[in-house]
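S.K.: First, the structure itself, so that you have it in front of you.
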Amino acid sequence: MGLIERDPHTGHGTTGHEWNGIKELNTAVPWPVWAFLIAAFAFSLVWWILMPAWPLGTTYSKGLLGADERQVVAAGLRASADRRADWTRRVEKESFTALLADKAVMTDVREAGHMLFGDNCAACHGVGAKGGPGFPDLTDKAWLWGGSPDAVLQTLRVGVNTEHADSRVSQMPAWGRDGMLKEQEIRDAVAYVYALSHPGVTKDALGGNAVAGKTVFSANCAACHGANAKGDIKMGAPDLTDRFWLYGGDEAAIQESVFNGRQGHMPSWEKRLSATERKILALYILDMGRSGQ
Amino acid sequence: MFGTHYKLERYSIGLAVAIIVAASIGGLVEIAPLFTIHETVERAPHMRVYTPLELAGRNIYIREGCYACHSQMIRTLSDEVERYGPYSLAVESQYDHPMLWGSKRTGPDLARVGEKYSDLWQSEHLNNPRSVVPQSIMPAYGFLKRTELRTTDLPKDLAALKRLGVPYTDAMVRNASDDAKGQADPDGAWADGVRARYGDATHVRAFDGDAGTVTEMDALVAYLQVLGHLTDVAHASEAGAGK
Amino acid sequence: MVSTMTANERQAALVISILAAIVGLAMAAAGRHDPLGVHGAMVLLTGLMCAFWVIRDYYKPEPPATRLAAYYDEPIKAGILLALLWAAIGMFFGDWVAWLLAYPEMTFDAAWSSFGRMRPIHTTGVIFGFGGNALIATSFHVMQRTSRARLADQFTPWFVLVGYNLFCAMAVSGYLMGVTQSKEYAEPEWYADIWLVVVWIAYFALYLRTLARRREPHIYVANWYYLAFILVVAMLHIVNNLALPVSWAGAKSYSLFSGVQDAMVQWWYGHNAVAFFLTAGFLGMLYYYLPKRAGRPIYSYRMSIVGFWGITFFYVWVGSHHLHYTALPQWVQTLGMTFSVMLLIPSWIAAANALLTLNGAWHKVRDDATLRFMMVAAVFYGLSTFEGSFLAIRPVNSLSHYTDWTVAHVHAGTLGWNSMIIFGAIYYLVPQLWKRAHMYSPALVEFHFWSAIAGTFIYVFAMWNSGITQGLMWRAYNPNGTLAYSFLDTVIAMHPYYIARAFGGLLFLIGTLAGIYNVWRTIQAAPARTPQSDQPILAVAQQAGS
Ligand code: HEM
Ligand code: HEM
Ligand SMILES: [Ca+2]
Ligand SMILES: [Ca+2]
Ligand SMILES: [Cu+2]
């Protein structure tokens, strides 16, 4: 190997080559390198023998352990279901009243509900279930479809305005856009509805006349919202006299609701969440409403 | 060994050939069998293809780089199955040229987000995520609603995919532009054609809330709403275990 | 640049510039309703500008034969300046998107400025713009010096540089317009991909032709690595980018592969883009500049051999570690994981060989910030490959995948290893190429070093924390068997780390800008004498003979 020259610092010989001043020592590969290489290969070899590893034409070596990550995950899911079983079985069997009164179960419900609600419902109803424009607050006392456990459970199962066969249907017509009412009639109706929840205001709002609006209301709106405008949970028609608003209680929002109509869409969770999970969520909401007030 | 190398390193072509050989083996052994081992991709006889509108939406998803934050691949880990639903199967992306499995989850996995939320929520969320999720760090895509969808090229898109093996029929290719418009306008003239060609389960809706114009928002929401719904083999198989 | 070319080369340059302009015109016309048209206009403009330059100097006197007595360094200088320009662009966008993850409103209400479009500008800008130009420039330097031969001609280097930067510019401007294939690190569309193949073939040919002129019978290790970089990147690029354009008049194409096969091809590419772009090429850099600056011989020729072939052979197997627990068959994942573990050994051989080379020169490391950049690079190389092999182990990856832990790993590699070695090489090269005694301000080099180190540490620690926190939160179960956190909880928990990361990135960016300023002032300073020894063998022989 050419001229051998020794490096004064390490004492190793060079290879005898030089590239623009760079030389190389011909130092032997230190033994730990070989040791680690062999160790890493041995580790791999063991893994290849135990696990699915090498392709063989139209199949592959399955490994001695017969490991299959899909079975591992199935087992993992069963294990966590088992860990839940002692309290979820109670959730499944017992009545809402009993469960809501049981501190221990409710602790589990709150823990479970946090993630279930956070990953499925919070997008619309908010992390604290306080709702937002178009998405109802689930902690207040105003319920579109009723606040009984069964009503809530039903809403979760079938949703509102969904493709589910039993879906709840909620339809606030577009009185203006579809030309069912004249512009002035709408202004009057809006004034009336606005006045209902604003005791100070009696007659005029947004260029409308509340007195005239009452007539419009009785003729067109009472069918759903009720003669006293207290709403109707069979149709999901909201109470218009309280201080809770789905789409906002200012004049512009009411005008928008009446002119263009509203069709809230609440998904059905029957396919995505199990019956138990839905019951946990119903408990979670009802519990939040309790502590929220 | 070092002696042989001592000779090899004198020949640049020899070195080049040796490098190519050494660097080819791994790829060949790992990639080629994915085409020959049949169990690699499960069978899903009733799997449907993306409609032209959904495909346009998918191309917007690619264009905007949503894959930089969202995966579409639920791994075989129990926490992922509990959070997102059955783990993803290879067959579910068999028509995805290219796949969008992703490598980063700044936002949640979207493989099964279809029909999880309403169209209204999806378009509000895309328009301004923080209006519905105040804590969100997702960008606002306000221009989607303002931009009309370009549908004229869709027949060419479908034709290209057909050549790559996606089972589009000639009628689907021919009617792609009208089908895109029809899917976003449920009461319009072209809506029935979409249902006839792609099946009754196809979502035919005004995805952005306005049936009048077909916007990029319509397309993207249509795409998001079909994610995880091209086939239900994942729910039928072990992937859905525990649910 | 033109005045250094021979008449024949000027002719070739003119013909090719005009050809490019014609192709650009065709693209612009065919794609006038599409982003392709914009890229056509860019190609047209580049072609015209080059033609103009050539014509302007076309009848200047030919360079004298004595040019052969010197190395051809002009393209290297251009490459370094381009690398620095891309560094500023790429890191600026990197820090911008970093701030966006903490404060999503810090942008315009425009399509081009959303996170998803700017993130690939960052990755392409730094990897291909900054890293790629640095690789091309240093390879031109290293191949000439280690062959003691001048570049094979005066035209091809410019073709490679201009062509490559045209590719980068098309890539980055494409993302702004929404042109992307969505394949990570291979986002540019079909026509840009084809163009890169042309450029790459010219690059490879140039490399071989220059090596053929060498005076030393043996090819130096650095060149093995550069060769592996060029060859394997070509192979990866061609296969992963196979696609069917929707039409010749549009930018959009559909990948030939789909689903699981596409995923495997993508990460076979993606991982090896890291391996042969960010590792092999950079090891070439390390193997030249570190011993040069330290004034020490390479510790072990034999370790170089084992390291090189280990890296070349093992790396290609490990791409599937990006797809653990996915719908990719488990057998491929096993191979990806086991080969990743074995890969650690050659990686550490390369790192150890570099660090052991410093034996006897540690006092220089202490005093010389330039050498310190290189030393730190070798350390970070060792660190990030260790981390990489660790992350490739399936159970570890089940925690790290999809989280910021990957991002921490990426930036330990790219900031700590790639950027540091580039800056080390640049601080070595700039005074030498521009024939200055030293950098304008050695104090500013020190400043750059420490802000880069601080920035890297802050970035990487922040992302380790956020990544591991997020991974643990996703899988955390309550004792009662239910998941503990919603996804949104984890988004909220990341906020402080995202601020820290953006701040660390800012430090790194400031260091880079200080470096650019320093380079600029060095170029402006008065020249010093040429060192006699920095000449091709040929010239030395001639001088001795005359
Ligand atoms: C100023 C310094 C830098 C900052 C602030 C920065 C910031 C970022 C950010 C915010 C991301 C996106 C992470 C995410 O999606 O969560 C990213 C990704 C990335 N950066 Fe940087 N970066 C910097 C420098 C660099 C450099 C110098 C390189 C390469 C030479 C680089 C290579 C990458 C790569 C490859 C990715 C993609 C990682 C992945 O997909 O997992 N970065 N960077
Ligand atoms: C022994 C060497 C290495 C191994 C085994 C390795 C392994 C890995 C693994 C397991 C991942 C995470 C994949 C995932 O979960 O998504 C990864 C990501 C990554 N690594 Fe490495 N790594 C190595 C060295 C390096 C070096 C030296 C660099 C850069 C200079 C680097 C750059 C990257 C990048 C950019 C990614 C992100 C890919 C993406 O976009 O997702 N790696 N690497
Ligand atoms: Ca990535
Ligand atoms: Ca590409
Ligand atoms: Cu990798």
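S.K.: Find the relative contact order for the stretch B:106-165 and round it to a whole percent, using C-alpha pairs within less than 8 Å whose residues are 6+ positions apart.
M.R.: Across the stretch B:106-165, relative contact order equals 20 percent.
S.K.: In nm, what is the difference between 0.36 nm times the number of residues separating A:THR97 and A:ALA253 and their Cα-Cα distance?
M.R.: Result: 52.4 nm gained on full extension.
S.K.: What is the gain in length, in nm to one decimal, between A:LEU65 and A:ALA35 on full extension, counting 0.36 nm per residue of separation less the C-alpha to C-alpha distance?
M.R.: Gain on stretching A:LEU65 to A:ALA35: 8.1 nm.
S.K.: Calculate, axis by axis, the spread of Cα positions in the stretch B:1-100 along the three principal axes, and write the results as whole Å, longest axis first.
M.R.: Projected onto its principal axes, the Cα set of the stretch B:1-100 covers 60, 30, 29 Å.
S.K.: Show me you know the interface measure: the accessible area buried between A and C, both chains summed, probe 1.4 Å, in Å² to the nearest 100.
M.R.: In total, chains A and C hide about 4600 Å² from solvent.
S.K.: Please give every one of the lysines within straight-line cross-link reach of A:LYS23, meaning a C-alpha to C-alpha distance under 19 Å, and leave out same-chain neighbours fewer than 8 residues apart.
M.R.: List returned: B:LYS7, C:LYS292, C:LYS364.
S.K.: Could you go through the stretch C:428-438 in sequence order and give the Karplus-derived ³J(HN,Hα) for each residue, using 6.51 cos²θ - 1.76 cosθ + 1.60 with θ = phi - 60°, rounded to whole Hz, and x for Gly and Pro?
M.R.: My calculation for the stretch C:428-438 gives 6, 7, 4, x, 5, 5, 8, 6, 10, 5, 6 Hz in order.
S.K.: How large is ³J(HN,Hα) for each residue in the stretch C:477-484, as worked out from phi by the Karplus curve 6.51 cos²θ - 1.76 cosθ + 1.60 (θ = phi - 60°), to whole Hz, x for Gly and Pro?
M.R.: 10, 6, x, 7, x, 10, 5, 8
S.K.: Using only the alpha carbons of chain A, what is the convex hull's orientation-averaged projected area in square nanometres?
M.R.: Result: 33.6 nm².
S.K.: Give the share of C-alpha pairs in each 5 angstrom bin for the stretch C:304-375, from 0 to the last occupied bin, in whole percents, shortest bins first.
M.R.: 3, 16, 18, 14, 12, 12, 10, 7, 5, 3, 1
S.K.: With a cap of 12 neighbouring Cβ atoms within 10 Å, and only residues DSSP puts in a loop, list the trypsin sites (Lys or Arg not before Pro) found in the stretch A:110-161.
M.R.: Answer by residue number: A:LYS141.
S.K.: How many Å² of accessible area per residue for the protein assembly as shown, probe 1.4 Å?
M.R.: Result: 38 Å² of accessible area for each residue.
S.K.: On to the next question. Among B:ALA90, B:VAL132, B:THR106, which residue has its Cα furthest toward the positive end of the charge dipole of the stretch B:52-241, with +1 on Lys/Arg Cβ and -1 on Asp/Glu Cβ?
M.R.: B:THR106
S.K.: Compute a Gaussian network model of chain B, connecting alpha carbons closer than 10 Å, and tell me which residue from B:LEU89, B:LEU77, B:LEU227 fluctuates the most.
M.R.: B:LEU77
S.K.: Enter the angle in degrees (range 0 to 90, nearest 10) between the Cα long axis of helix C:74-102 and the first principal axis of the Cα atoms of chain C, meaning the one along which they spread out most.
M.R.: 20
S.K.: Could you pull the accessible area for C:VAL445 with a 1.4 Å probe, rounded to 10 Å²?
M.R.: Number for this one is 10 Å².
S.K.: Which entries in A:LYS62/B:LYS116; A:LYS103/A:LYS234; B:LYS116/B:LYS156; A:LYS271/C:LYS252; A:LYS130/A:LYS234 show an alpha-carbon gap greater than 26 Å?
M.R.: Violating the 26 Å Cα-Cα cut-off are A:LYS62/B:LYS116; A:LYS103/A:LYS234; B:LYS116/B:LYS156; A:LYS271/C:LYS252.
S.K.: Mind grabbing the interface size between C and B? I mean buried accessible area, both sides, 1.4 Å probe, in Å² to the nearest hundred.
M.R.: Approximately 7900 Å², summed over both chains.
S.K.: Computing the accessible area with a 1.4 Å probe over protein heavy atoms, can you report the carbon and sulfur percentage for the stretch A:42-139?
M.R.: Ligands and nucleic acids excluded, carbon and sulfur reach 64 percent.
S.K.: Sticking with this structure for a sec: Starting from the Kirkwood radius over alpha-carbon pairs of the stretch A:1-79, derive D by Stokes-Einstein at 25 °C in a medium of 0.890 mPa s and give it in µm² s⁻¹.
M.R.: Using the Kirkwood radius from Cα pairs, D works out to 141 µm²/s.
S.K.: Could you give me the ³J(HN,Hα) list for the stretch C:382-391, computed from phi with Karplus coefficients 6.51, -1.76, 1.60 and θ = phi - 60°, whole Hz, x at Gly and Pro?
M.R.: So the Karplus estimates, Gly and Pro as x, are x, 5, 6, 6, 4, 4, x, 5, 5, 5 Hz.
S.K.: Also, quick follow-up: Two decimals is fine: what's Rg over Rh for the stretch B:145-205, C-alpha atoms, Kirkwood radius as Rh?
M.R.: Taking Rg over the Kirkwood Rh, I get 0.98.
S.K.: Related question: Springs between alpha-carbon atoms under 10 Å, Gaussian network over chain B: tell me which of B:LEU224, B:LEU120, B:LEU154 tops the mean-square fluctuations.
M.R.: B:LEU120
S.K.: Find which of A:HIS125, A:THR155, A:PHE96 sits farthest along the positive direction of the dipole of the stretch A:50-168, computed with +1 on the beta-carbon of Lys and Arg, -1 on that of Asp and Glu, about the Cα centre.
M.R.: A:PHE96
S.K.: To continue, here is another question. Between C:ASN8 and C:VAL198, what is 0.36 nm times their sequence separation minus the Cα-Cα distance? Round to one decimal in nm.
M.R.: That pair, C:ASN8 and C:VAL198, stretches by 66.3 nm at full extension.
S.K.: Once the convex hull of the C-alpha atoms of the stretch C:64-545 is built, how many Å³ does it hold per residue, rounded to a whole number?
M.R.: 159
S.K.: Cα extents of the stretch B:170-235 along the three principal axes, largest first, in whole Å?
M.R.: If we take the Cα atoms of the stretch B:170-235, the spans are 36, 28, 17 Å.
S.K.: Based on DSSP H assignment, which helices of chain B show an axial Cα extent of at least 20 Å together with a mean Kyte-Doolittle hydropathy greater than or equal to -0.5?
M.R.: Qualifying helices: B:12-31.
S.K.: With point charges of +1 on the Cβ of Lys and Arg and -1 on the Cβ of Asp and Glu, referenced to the Cα centre of the stretch A:162-293, which listed residue (A:GLY249, A:ALA282, A:GLN263) lies farthest in the positive direction of the dipole?
M.R.: A:ALA282
S.K.: With no solvent and one equal point scatterer placed on each C-alpha of the stretch A:228-273, evaluate the Debye formula and give log10 I(q)/I(0) for q = 0.19, 0.23, 0.26 Å⁻¹, two decimals.
M.R.: Taken in order of the listed q values, log10 I(q)/I(0) reads -0.71, -0.92, -1.06.
S.K.: Semi-axes of the equivalent ellipsoid for the stretch C:216-286, please: Cα gyration tensor eigenvalues, times 5, square-rooted, ordered largest first, whole Å.
M.R.: 32, 14, 9
S.K.: Let me ask something else. Among DSSP beta bridges whose residues both lie in the protein assembly as shown, state the antiparallel percentage, nearest 5.
M.R.: 85
S.K.: Find the sum over both chains of the accessible area lost when B and A are paired, probe 1.4 Å, and report it in Å² to the nearest 100.
M.R.: 3000
S.K.: Still on this model: A:ARG262's amide H: which non-local residues (gap 5+, or another chain) put their own amide H closer than 5 Å, with H modeled 1.01 Å from N in plane and none for Pro or chain starts?
M.R.: It is A:MET172, by chain and number.
S.K.: Right, here's the next one. Going by amide H atoms built from the backbone, whose H comes under 5 Å of the H on C:VAL316, apart from near neighbours?
M.R.: Under 5 Å from the amide H of C:VAL316: no residue qualifies.
S.K.: In a solvent-free Debye calculation with one equal scatterer on each Cα, what is log10 I(q)/I(0) for the stretch A:14-60 at q = 0.20, 0.21, 0.30 Å⁻¹, listed in the order of the q values?
M.R.: For the stretch A:14-60, the Cα-only Debye profile gives -0.76, -0.79, -0.99.
S.K.: Does any residue of the stretch C:477-513 lose at least 40 Å² of accessible area with all protein chains in place compared with its chain alone, and if so which ones (probe 1.4 Å)?
M.R.: With the partner chains in place, the stretch C:477-513 has these residues losing at least 40 Å²: C:TYR477, C:ASN480, C:GLY481, C:THR482, C:LEU483, C:SER486, C:PHE487, C:LEU488, C:VAL491.
S.K.: What does the charge dipole of chain A about its Cα centre add up to, to the nearest 20 debye, if the Cβ of each Lys and Arg holds +1 and the Cβ of each Asp and Glu holds -1?
M.R.: Here the size comes out at about 680 debye.
S.K.: Rg(Cα) of chain B divided by 2.2 N^0.38 Å?
M.R.: 1.25
S.K.: Something else: In whole percent, and with a 1.4 Å probe on the protein chains, what portion of the accessible area of the stretch C:411-513 is carbon and sulfur?
M.R.: Solvent-exposed carbon and sulfur of the stretch C:411-513 make up 77 percent of the total.
S.K.: Related question: Tell me which residues come under 5 Å, amide H to amide H, from A:ALA237 once H is placed; ignore anything under 5 positions away on its chain.
M.R.: So A:ALA237 has HN proximity to A:ASP232.
S.K.: For the stretch A:183-260, what % of the accessible area comes from carbon and sulfur atoms, probe 1.4 Å?
M.R.: That share works out to 57 percent.
S.K.: Take the stretch C:1-63, compute every pairwise Cα distance, and split them into 5 Å bins from 0; I just need the percent in each bin.
M.R.: 4, 23, 23, 17, 12, 10, 7, 4, 1, 0
S.K.: Could you tell me the ratio Rg/Rh of the protein assembly as shown? Both radii from Cα atoms, Rh via Kirkwood.
M.R.: For the protein assembly as shown, the value is 1.03.
S.K.: Alpha carbon centre of the stretch C:292-353 versus the stretch C:41-67: separation in Å?
M.R.: Answer, in whole Å: 44.
S.K.: Considering the zone a paramagnetic label at B:LEU164 would reach in this model (a point 7 Å from Cα along the Cα-to-Cβ line), which residues of the stretch C:228-249 have amide N under 19 Å from it?
M.R.: Taking a point 7 Å out along Cα→Cβ of B:LEU164, the residues of the stretch C:228-249 whose backbone N falls under 19 Å are C:236-249.
S.K.: Continuing with this model, one more query. Once the other residues with Cβ under 12 Å from the Cβ of B:ASP192 are scored (Lys, Arg +1; Asp, Glu -1), what is the net sum?
M.R.: Value of the local net charge: -3.
The values are calculated or read from the model by the stated rules, or taken from the named source; none is laboratory data. Given the structure is predicted, the values throughout are model-derived calculations rather than measurements. We place every Cβ from the backbone using ideal geometry, glycine too, and count neighbours over all the protein chains shown. Note: accessible area is taken over every heavy atom of the protein model, side chains too, but ligands, DNA and RNA are not part of it. Shrake-Rupley method; radii C 1.70, N 1.55, O 1.52, S 1.80 Å.
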